[in-house]
Amino acid sequence: MAVPPAAPPLPPLVDHHCHGVVTAELGLGSFEPYLTESHAPAAAGTTFFDTQTGFAVRRWCPPLLGLEPHCPPAHYLARRREIGAYESTRLLLRGTGIGTYLVDTGIPGDLTGPAELAASAGAIAHEVVRLETLAEGVADTCGTPEAFVTALAEAVHDAARAAIGFKSVAAYRHGLALEPEPPGPAEVRRAAADWLAARQSGGRLHDPVLLRHLMWSAVATGLPLQLHTGFGDPDLRLDRADPALLTDFVKATDGLGSALVLLHGYPYHRQAAYLANVFPHVYADVGLAIAHTGARAAAVLAETLELAPFGKLMFSTDAYGLPELYVTGARLFTGALRRLLGEWVAEGAWSAPDAHRVAALLVSGNARRVYGLSDPGGDR
């Protein structure tokens, strides 16, 4: 029997949505919360290492630090402390296969920025600007609604000159069931007046009119707009994060030149795949879902590929805080992809050349096209 040819190596991955990593040394108590979306501690007598995410970390990360796969968490964390946070981050990131990072810088805290992340990884990084964080920073410097609206327009314009794209977390702040049309200037000024009057220092933006205004402001720049959909931490109402709720907004933005990228999706990843299927400017990923479904990642990816066109799905890790999450996100995605495509080739549903071509699209080619990244270096 002829032996099928080995699959060619994948190109360097483009992680089109991720965050920075912490720079401090971490013990069990400070490491473990990054393995979950929960704000609460693990149930008494248990640990968040006993999750799909925790098991994936123990499978893929210890060998990069010189340990056996599946070693006990205490051994792994001891090795991490022995090496030090900086060197652990460097070794882990350089073991991901990721060549380009698109970094959402909107999460507060002592996290690496794009340049620092790129230096540790030996890779390239670009910034994705979070709209709500941008607006809150503008509000801190403006005393009147008129000044806020003017300064916000300038801030979006300035950000678009350097950023690779924008992101909205309207799903967290209000939900995705927003009026689809852009609000008028008078409506924006009234909403700004109400928000600024009620806002205390550092208060977050929840007003649906201003959230819509931000989304439409980003669309007007022509840059891709990433939209959180699906599950997340407890600040989010899951039923309000179904991407299908964006259908009217998607229709309203069709033909305007800005790509809409539906992040994560799970458990609504099939809805996201449907929107990517029927609207030319809609794209999707399953980033957050992959790390949290672990050994079941192939099932989630297969369900997404049931309907998503192969030129419309992109790879991301949504890694935050831990360099380990970049490792698990990359290994789980590429492993699931190779498993699925290998099965489809073996049963004759796909040809091997088609499988190789689609794999390259999903891990890098689609993101390079959507975000205007050159090939292969990743610079704009």
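The values are calculated or read from the model by the stated rules, or taken from the named source; none is laboratory data. The structure presented is a predicted model; accordingly, all values stated were derived computationally and were not measured. As a convention, Cβ positions derive from the backbone with ideal geometry for all residues, glycine included, and neighbour counts pool all protein chains shown.
Residues in the stretch 225-253 that are part of a loop (DSSP other than H, G, I, E, B) and under 20 Å from S316 (Cβ atoms): how many? Full working, then the answer.
Step one: filter the stretch 225-253 for residues part of a loop (DSSP other than H, G, I, E, B), giving 230-237, 241-242.
Still in the list and also under 20 Å from S316 (Cβ atoms): 230-233, 236, 241-242.
Going through the stretch 225-253 one residue at a time, the tally reaches 7.
With the structure loaded, tell me whether S30 is touching a Lys or Arg at 6+ places or on another chain (Cβ under 7 Å), among the hydroxyl-bearing types (S, T, Y) and assigned to a helix (DSSP H, G or I) or whether it fails that test. Full working, then the answer.
Values: touching a Lys or Arg at 6+ places or on another chain (Cβ under 7 Å): no; among the hydroxyl-bearing types (S, T, Y): yes; assigned to a helix (DSSP H, G or I): yes.
No.
Looking at the stretch 130-140, is at least one residue outside any helix (DSSP H, G or I), surrounded by fewer than 20 Cβ atoms within 10 Å (Cβ to Cβ), out of contact with any His (no Cβ under 8 Å at 6 or more places or on another chain) and of a type outside the set (K, R)?
Checking the stretch 130-140: at least one residue is outside any helix (DSSP H, G or I), surrounded by fewer than 20 Cβ atoms within 10 Å (Cβ to Cβ), out of contact with any His (no Cβ under 8 Å at 6 or more places or on another chain) and of a type outside the set (K, R).
Have a look at V149, V188 and point out the one that is in a helix (DSSP H, G or I) and under 19 Å from T253 (Cβ atoms).
Only one candidate passes the filter, namely V188.
Enumerate the pairs (first residue in the stretch 143-160 and modelled with pLDDT of 95 or more; second residue anywhere and surrounded by 12 or more Cβ atoms within 10 Å (Cβ to Cβ) and outside any helix (DSSP H, G or I)) with beta-carbon separation below 7 Å, excluding pairs fewer than 6 apart on the same chain, so at least 6 apart or on different chains.
F148/C142; A151/C142; A159/V129; A160/L223
Among R331, R296, R270, which is the only one that is basic (K, R), in a helix (DSSP H, G or I) and within 20 Å of D239 (Cα to Cα)?
Checking each option against the conditions leaves just R270.
Please work out which one of (1) farther than 29 Å from V327 by Cβ; (2) touching a residue at least 40 places away in the same chain (Cβ under 8 Å); (3) among the small types (G, A, S) is the condition G255 fails and give its number.
Just one mismatch for G255, condition (2).
For the stretch 347-358, does any single residue satisfy the condition of being on the phi > 0 side of the Ramachandran plot and either within 18 Å of the chain's Cα centre (by Cα) or in contact (Cβ under 8 Å) with a residue 12 or more places away in the chain (or both)?
no
List pairs: first in the stretch 188-200 and under 16 Å from G137 (Cα atoms), second surrounded by 15 or more Cβ atoms within 10 Å (Cβ to Cβ) and of a type in the set (G, A, S), Cβ under 9 Å, 6+ apart or cross-chain?
A192/A139; W195/A139; L196/A139; R199/A139
Could you check the stretch 44-69 and list, in sequence order, the residues that are more than 19 Å from H292 (Cβ to Cβ) and under 25 Å from the mean Cα position of the chain (by Cα)?
Filtering the stretch 44-69 down to residues more than 19 Å from H292 (Cβ to Cβ) leaves 44-45, 62-69.
Passing the criteria: P62, L64.
For the subset of the stretch 43-65 comprising residues that are without any contact (Cβ under 8 Å) to a residue 60 or more places away in the chain, touching a helix residue (DSSP H, G or I) at 6+ places or on another chain (Cβ under 7 Å) and not in a helix (DSSP H, G or I), which member is farthest from Y266 (Cα to Cα)?
Here the residue is T47.
Any residue that is without any contact (Cβ under 8 Å) to a residue 12 or more places away in the chain and either touching a Leu at 6+ places or on another chain (Cβ under 9 Å) or under 30 Å from A355 (Cβ atoms) (or both) - is there at least one of those in the stretch 11-30?
No, the conditions are met nowhere in the stretch 11-30.
Just to be sure I understand the filter: pairs with C-beta atoms under 8 Å, separated by 6 or more residues or on different chains, first member in the stretch 368-380 and at pLDDT below 95, second member among the hydroxyl-bearing types (S, T, Y) and in a loop (DSSP other than H, G, I, E, B). Which pairs pass?
Final answer for the pair search is R380/S374.
Considering only residues that are surrounded by fewer than 16 Cβ atoms within 10 Å (Cβ to Cβ), among the aliphatic types (A, V, I, L, M) and within 16 Å of E146 (Cβ to Cβ), which ones fall in the stretch 194-211?
The answer is A197, and nothing else.
Of all residues in the stretch 356-374 being polar (S, T, N, Q) and assigned to a helix (DSSP H, G or I), which is farthest from T221 (Cα to Cα)?
Of the stretch 356-374, the ones polar (S, T, N, Q) are 364, 366, 374.
Within this subset, residues satisfying the condition of being assigned to a helix (DSSP H, G or I) are 364, 366.
Numbers: S364: 24, N366: 20 Å.
Among them, the one singled out is S364.
Of the residues that sit in the stretch 70-94 and are within 30 Å of S168 (Cα to Cα) and buried (at least 19 other Cβ atoms within 10 Å of the Cβ), which one is nearest to the chain's Cα centre (by Cα)?
Result: L93.
Considering only residues that are surrounded by 12 or more Cβ atoms within 10 Å (Cβ to Cβ) and either in contact with a Cys (Cβ under 8 Å, 6 or more places away or on another chain) or farther than 28 Å from P108 by Cβ (or both), which ones fall in the stretch 22-69?
D50, F55, R58, R59, W60, P62, P63, L64, L65, L67
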